[in-house]
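Right, one structure below, let's go through it.
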Amino acid sequence: MTRLADNFRRAGFTPEVTSFRDVDPSADLQGVPVLYTSSEDTGLEYKSWIEDLVLALETSGARTLPGYRFLRAHHNKVMMEALRTQLFPKEAAELHTRSFGTFEELATATALDGRWPKVIKASAGAGSLNVALVHNRADLLRAARQISRTRNPHETLREHGKRILRRGRHYANSLHRQKFIVQDLISGLTGDFKVLRFGDRYYTLWRQNRPGDFRASGSGIFDYHSTAGVDRAALLDYAEQVSETLGTPTASLDVGFDGRRFHLIEFQCLHFGTVTAERSTHYYTRSDGSWRQVADRCDIEAVFCDAIVQYLNRRPA
Ligand SMILES: Nc1ncnc2c1ncn2[C@@H]1O[C@H](COP(=O)(O)OP(=O)(O)O)[C@@H](O)[C@H]1O
Ligand SMILES: [Mg+2]
């Protein structure tokens, strides 16, 4: 935090560091840029507190970086997919993504649009945890039952007790309330790219699928130099276009290439892993219309600070 603050001071800003505990939602912060970060705590309890405060800051006029909706979409595939359908409607339409709040809502839903196989994902997951391929409806229901299970033994016991003791009088509460999404499988991917954008700087990492699997995230088969035969300039063009539409100073994109075109698999605009940048020996930047590779050992605080400063200079409040 001190190193970050030092970087901002050097760039001519006077940063004030506050803990969430001391945030005053009644302060006059009209137009004041507020940087913050998120949390991925189990159950997202602490994150929900951050969400309350950041939304309060935003409603009081602060310039939250990134906007609240991106915080809400962090570690939350339901919101991320909802934002995607608004920001990238054409591409999103091809995935036929649906979200469900309970297993029962899926079980009683009419037939899903789109093609099989499909992919089911727990809303809060990373490293391909709780991302599964399903070939038909029976498969999907089995996976959804498992992914959505509310893990609270006390509540489960009480609910089962009520269902037996108050038969006919008890309106059953779902014990499968962990939200999840279902979407079409993008076929033809042998892996995906992690592309990080910090202002003008882009970093790429090729991640190969686990052997015999459709999932790349968390596979550990990574390459910072090769693009597995994919045209790097085209990948960067795509990443630039996506991140410009997101309109945030920083972004982490999972991008697939099916042999013909690129697909956005996931995006995050805060609190994402930065190893792709930190382990890189170079970054890419647009210069005179084309992409230039710049040799650089990434100093992540400096790079982050630059991204924010560029953003504020380009988009004054
Ligand atoms: N719709 C899809 N079609 C094909 N592959 C997918 C799809 N969604 C995810 N994947 C694969 O699964 C991996 C994990 O999915 P992702 O949504 O990025 O979740 P995580 O948060 O676990 O990274 C991705 O890296 C990608 O390889
Ligand atoms: Mg991912």
Net charge over other residues, Cβ less than 13 angstrom from the Cβ of Thr156 (K, R count +1; D, E count -1)
+4
Are any of the pairs Lys77/Lys118; Lys121/Lys162; Lys118/Lys179; Lys118/Lys162; Lys47/Lys118 more than 24 Å apart by Cα-Cα distance, and if so, which?
Lys121/Lys162; Lys118/Lys162; Lys47/Lys118
GNM result for the chain, Cα springs below 10 Å: residue of Tyr171, Tyr203, Tyr68 fluctuating most strongly:
Tyr171
When the Cα centres of segment 226-243 and segment 90-148 are compared, how far apart do they sit, in Å?
28 Å
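Report the full-extension gain for the segment Leu165 to Val275: residue separation times 0.36 nm, less the Cα-Cα distance, to one decimal in nm. Mind dumping the intermediate values first?
Numbers: separation 110, 0.36 × 110 = 39.60 nm, distance 5.39 nm.
Net length gain for the segment: 34.2 nm.
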What FRET efficiency comes out for the pair Ser290/Arg260, r = Cβ-Cβ distance, R0 = 25 Å, nearest 0.05?
0.65
Summed side-chain charge close to Val32 - residues other than Val32 whose Cβ falls under 13 Å, Lys, Arg +1, Asp, Glu -1:
-3
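Taking R0 as 41 Å, what FRET efficiency do you get between Glu16 and Asp139 from their Cβ-Cβ distance, rounded to the nearest 0.05? Don't jump to the answer; show the numbers that get you there.
On the way: r = 53 Å, r/R0 = 1.28.
For R0 = 41 Å, the calculated efficiency reads 0.20.
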Rounded to the nearest 20 debye, what is the charge dipole size of the chain about its Cα centre when +1 sits on each Lys and Arg Cβ and -1 on each Asp and Glu Cβ?
1320 debye
May I ask which residue of Ala295, Val182, His263 lies farthest towards the positive end of the charge dipole of the chain, with charges of +1 (Lys, Arg) and -1 (Asp, Glu) on Cβ and the Cα centre as origin?
Val182
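How big is the charge dipole of segment 112-175 about its Cα centre, in debye rounded to the nearest 20, if each Lys and Arg gets +1 on its Cβ and each Asp and Glu gets -1 on its Cβ? Working shown, then result.
Values: 14 positive and 4 negative charges, 67 e Å.
That gives segment 112-175 a dipole magnitude of about 320 debye.
Can you give the extra length, in nm with one decimal, that the chain gains between Asp52 and Glu244 once fully stretched, where that is 0.36 nm per residue apart less the Cα-Cα distance?
Details: separation 192, 0.36 × 192 = 69.12 nm, distance 2.69 nm.
Answer, rounded to one decimal: 66.4 nm.
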Choose one of Pro316, His225, His282: the residue whose Cα lies farthest towards the positive end of the charge dipole of segment 187-317 (beta-carbon charges +1 Lys, Arg; -1 Asp, Glu; about the Cα centre).
His225
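Which of the DSSP-defined H helices in the chain satisfy a minimum axial length of 20 Å, computed from C-alpha atoms, and a minimum mean Kyte-Doolittle hydropathy of 0.5? Display every interim value, and only then the final one.
Details: long enough: 45-59 (22 Å, 0.02); 232-246 (21 Å, -0.02); 300-314 (21 Å, 0.69).
Those that clear 20 Å and a mean of 0.5 are 300-314.
Considering only DSSP beta bridges with both partners in the chain, what is the antiparallel share in %, to the nearest 5? Each step should come with its number before you reach the end.
On the way: 41 of 44 bridges.
For the chain, the DSSP antiparallel bridge percentage is about 95.
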Along Cα→Cβ, 7 Å out, is where each label goes; now give me the distance between the ones at Ile300 and Thr37 in nm to one decimal.
0.8 nm
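A short reminder: the numbers here are calculations on the coordinates, not readings from a lab. Everything quoted here is computed from the prediction, not taken from an experiment. Methodologically, a virtual Cβ is constructed for each residue, glycine included, from the backbone with ideal geometry; neighbour enumeration extends over all protein chains shown.
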